[in-house]
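These notes are about the structure you will find just below.
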Amino acid sequence: MPQMLKVLGIESSCDETAAAVVAGGTKVLANVVASQIELHSRFGGVVPEVASRQHLLAAIPIIERALTQAQVAWTDLSAVAVTIGPGLVGSLLVGVNIAKGIALAQGLPLIGINHLEAHIYANWLEGKEPPFPLLCLIVSGGHTDLILMKGHGVYLRLGNSRDDAAGEAFDKVARILGLGYPGGPAIEQASREGKACYHLPRAWLRGSDDFSFSGLKTAVFRLTEELRSSGRMNSPLRADIAASFQQAAVDVLVTKTVEAARRHQVQCILLAGGVAANNLLRETMALRSPIPVLCPSPTLCTDNAAMVAATGYFHLISGRADSWELDVRPNLRLG
Ligand code: KG4
Ligand code: ZN
């Protein structure tokens, strides 16, 4: 039965080494993620060389753990899917070469996956089949893309960020406020203690589906400097700034997505990527959208390999497999 095909997914595009086994493109049998956050946090961000070395150490044990947890033997697998980009070149190379080795040794089809497409397909792992056409807002550390999807594998990018990605803005604002790394969860946590009482600028970019977050980030920087230099900065104010930033970023993301969804008469809105783990974004989108909003559970929003395996399944049943020439594509885009 094609829906029971089991795909091994491997993800190593940034600072998470991950392996997963997914059956039928929708059922997660195992999803193992080894985060490198602690390694990188003392540098305030991901150090590419450190990341690739760590992937090399972690990958094989993580893959073996995924198979054990899934209670699946190598011979039960139908394909190996691996992220080929976008991401850090050295990190991607580790995953792709390990995937090639496994596919070759086990005689399995090898399928290279676009990490952004995989973020979208995390939505197929939640027990509901998203109806087409749909609009997907991908908000991650490197991307803010508004994608119109008319069917499996059919993508039209309506807009993207002209400067900082949404997640990058959360990370940079957290650094400005001294809240640590990664910034998204830190901002969300701090915001719970604060009020969104500062009106920070929103870049609407009317007439375009693009986004811009650098003005908002600069406004936070100026406000923080002003409060620091006058000796007024303290924890409650820091929480208020975090909440005001989060409110402004979410306001723009939701307003522009809902407006584009109406214009393109889609059936539903999907959220994807690490920032989609943000509760204010999830709740505000659901509240303001007149059509259904689907989002993966938070652990499937941030980088994982279940989303890679799910995407691999849909490529596999459409008859696609890559050759041994498969290479990494650090600057890959979608649509
Ligand atoms: O998708 P992802 O795990 O990796 C990339 O493909 O980039 O996204 C990571 C980004 C980081 O910028 C992180 O700060 C952000 O997602 N993020 C969040 C939250 N959790 C992770 N941003 C806002 N709120 C969160 N709860
Ligand atoms: Zn990602």
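The values are calculated or read from the model by the stated rules, or taken from the named source; none is laboratory data. Model, not experiment: these values are computed from the prediction. Every residue, glycine as well, gets a Cβ built from its backbone with ideal geometry; the counts of neighbours run over all protein chains shown. Surface accessibility is based on the protein's heavy atoms, side chains included, excluding ligands, DNA and RNA. Shrake-Rupley method; radii C 1.70, N 1.55, O 1.52, S 1.80 Å.
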Condition set under 23 Å from Val139 (Cα atoms) and open to solvent by 30 Å² or more (accessible area, probe 1.4 Å), scope the stretch 316-335, selection nearest to the chain's Cα centre (by Cα): answer is Arg333
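Might you let me know whether the stretch 231-241 holds any residue that is more than 26 Å from Ala122 (Cβ to Cβ) and within 16 Å of ligand 1 (Cβ to nearest atom)?
Filtering the stretch 231-241 for residues more than 26 Å from Ala122 (Cβ to Cβ) gives 231-241.
Narrowing further to those that are within 16 Å of ligand 1 (Cβ to nearest atom): 239, 241.
Within the stretch 231-241 (the criterion being more than 26 Å from Ala122 (Cβ to Cβ) and within 16 Å of ligand 1 (Cβ to nearest atom)), the answer is yes, since at least one residue qualifies.
Would you confirm, using the coordinates I've provided, whether Ala260 is more than 19 Å from the chain's Cα centre (by Cα), assigned to a helix (DSSP H, G or I) and closer than 20 Å to Met149 by Cα?
Details: more than 19 Å from the chain's Cα centre (by Cα): yes; assigned to a helix (DSSP H, G or I): yes; closer than 20 Å to Met149 by Cα: yes.
So Ala260 passes the test.
Being in contact (Cβ under 8 Å) with a residue 24 or more places away in the chain and within 13 Å of Asn123 (Cα to Cα) is the requirement here; does Ser318 meet it?
Numbers: in contact (Cβ under 8 Å) with a residue 24 or more places away in the chain: yes; within 13 Å of Asn123 (Cα to Cα): no.
No, not satisfied.
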Can you tell which of Arg222, Arg232 is more than 19 Å from Arg175 (Cβ to Cβ) and either touching a Gly at 6+ places or on another chain (Cβ under 9 Å) or among the basic types (Lys, Arg) (or both)?
Arg232
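Quick grid of which residues meet (1) under 23 Å from the mean Cα position of the chain (by Cα); (2) closer than 19 Å to Arg329 by Cβ; (3) open to solvent by less than 50 Å² (accessible area, probe 1.4 Å); (4) assigned by TED's automatic domain parsing to the domain that holds Ile10:
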| position | (1), (2), (3), (4) |
| --- | --- |
| Ile62 | yes, no, yes, yes |
| Gln71 | no, no, no, yes |
| Trp74 | no, no, no, yes |
| Gly85 | yes, yes, yes, yes |
| Gly90 | yes, yes, yes, yes |
| Val96 | yes, yes, yes, yes |
Of all residues in the stretch 11-37 being of a type outside the set (A, V, I, L, M, F, W, C) and modelled with pLDDT under 95, which is surrounded by the fewest Cβ atoms within 10 Å (Cβ to Cβ)?
Ser35
So, in the stretch 177-199, exactly how many residues are more than 16 Å from ligand 2 (Cβ to nearest atom) and buried (at least 19 other Cβ atoms within 10 Å of the Cβ)?
9
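Which residue out of Ala248, Ala272 is open to solvent by less than 10 Å² (accessible area, probe 1.4 Å), of a type outside the set (Asp, Glu) and more than 20 Å from the chain's Cα centre (by Cα)?
Values: Ala272 fails: more than 20 Å from the chain's Cα centre (by Cα).
Only one candidate passes the filter, namely Ala248.
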The residue that is nearest to ligand 1 (Cβ to nearest atom), considering only those in the stretch 276-335 that are among the β-branched types (Val, Ile, Thr) and farther than 23 Å from Ala190 by Cα, is Val308
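I'd like the residue in the stretch 271-286 that is of a type in the set (A, V, I, L, M) and not in a helix (DSSP H, G or I) and, out of all such residues, is farthest from Gly167 (Cα to Cα). Spell out how you get there, then give the answer.
First pass over the stretch 271-286, keeping only residues of a type in the set (A, V, I, L, M): 271-272, 275-277, 280-281, 285-286.
Of the ones still in play, those that are also not in a helix (DSSP H, G or I) are 271-272.
Details: Leu271: 13, Ala272: 12 Å.
Within the stretch 271-286, the match that is farthest from Gly167 (Cα to Cα) is Leu271.
Looking at Arg206, Arg192, which is the one that is away from ligand 1 (no atom under 16 Å from the Cβ) and in the same structural domain as Glu168 (by TED's automatic domain parsing)? Steps first, answer last, please.
Working: Arg192 fails: away from ligand 1 (no atom under 16 Å from the Cβ).
So the residue among Arg206, Arg192 that is away from ligand 1 (no atom under 16 Å from the Cβ) and in the same structural domain as Glu168 (by TED's automatic domain parsing) is Arg206.
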May I ask you to say which residue of Ala66, Ala81 is within 21 Å of the chain's Cα centre (by Cα), at pLDDT 95 or above and farther than 29 Å from Glu168 by Cα?
Ala66
Filter the stretch 104-144 down to residues that are charged (D, E, K, R) and more than 18 Å from the chain's Cα centre (by Cα) and give me whichever is surrounded by the most Cβ atoms within 10 Å (Cβ to Cβ).
Lys128
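Going by the structure shown, is Arg288 touching a Leu at 6+ places or on another chain (Cβ under 8 Å), in the same structural domain as Val250 (by TED's automatic domain parsing) and open to solvent by 20 Å² or more (accessible area, probe 1.4 Å)?
Values: touching a Leu at 6+ places or on another chain (Cβ under 8 Å): no; in the same structural domain as Val250 (by TED's automatic domain parsing): yes; open to solvent by 20 Å² or more (accessible area, probe 1.4 Å): yes.
So Arg288 does not fit the description; no.
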I'm trying to understand the selection: among the residues of the stretch 299-315, which are open to solvent by less than 20 Å² (accessible area, probe 1.4 Å) and in contact with a Gly (Cβ under 9 Å, 6 or more places away or on another chain)?
Cys301, Asn304, Ala305, Ala306, Met307, Val308, Ala309, Ala310, Thr311, Gly312, Tyr313
